[in-house]
Amino acid sequence: MTDSAAYPVNKLMQELLADPSNLAAFHGDRAALYDRYGLTADQRSALDAGDPDSLASIRVHPVLQMHHFIATNPMAPDFVSVKAYKPLVVRHG
């Protein structure tokens, strides 16, 4: 898969948590969401599977794989947060 072929799926993952309507569609009508982003059948299957190997196979960036994890695991925001890094950055530069 080329970088340009991976662009739509990475764009979706980038916008998944940023746009509440995308997250709602991900949980309610994935086919329509996938259609809106022009995803291939392989990309759709991999996102539905959601495991790291499947996501890597369609070249979802590792950071964006975390977006998928957060979207599919309701308790994830309780223990996965960028905010946890802020004190480290402030303390260690």
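The values are calculated or read from the model by the stated rules, or taken from the named source; none is laboratory data. Bear in mind the structure is a predicted one, so any value in this text is a computation, not a measurement. Cβ sites come from the backbone with ideal geometry, for glycine too, and all protein chains shown count toward neighbours.
Of the residues 16, 39, which is in contact with a His (Cβ under 8 Å, 6 or more places away or on another chain) and at pLDDT 95 or above?
Numbers: 39 fails: in contact with a His (Cβ under 8 Å, 6 or more places away or on another chain).
Exactly one of 16, 39 is in contact with a His (Cβ under 8 Å, 6 or more places away or on another chain) and at pLDDT 95 or above, namely 16.
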Qualifying positions in segment 51-82 - under 14 Å from residue 16 (Cα atoms), under 11 Å from the mean Cα position of the chain (by Cα) and either assigned to a loop (DSSP other than H, G, I, E, B) or not hydrophobic (A, V, I, L, M, F, W, C) (or both): 60, 61, 65, 67, 68, 72
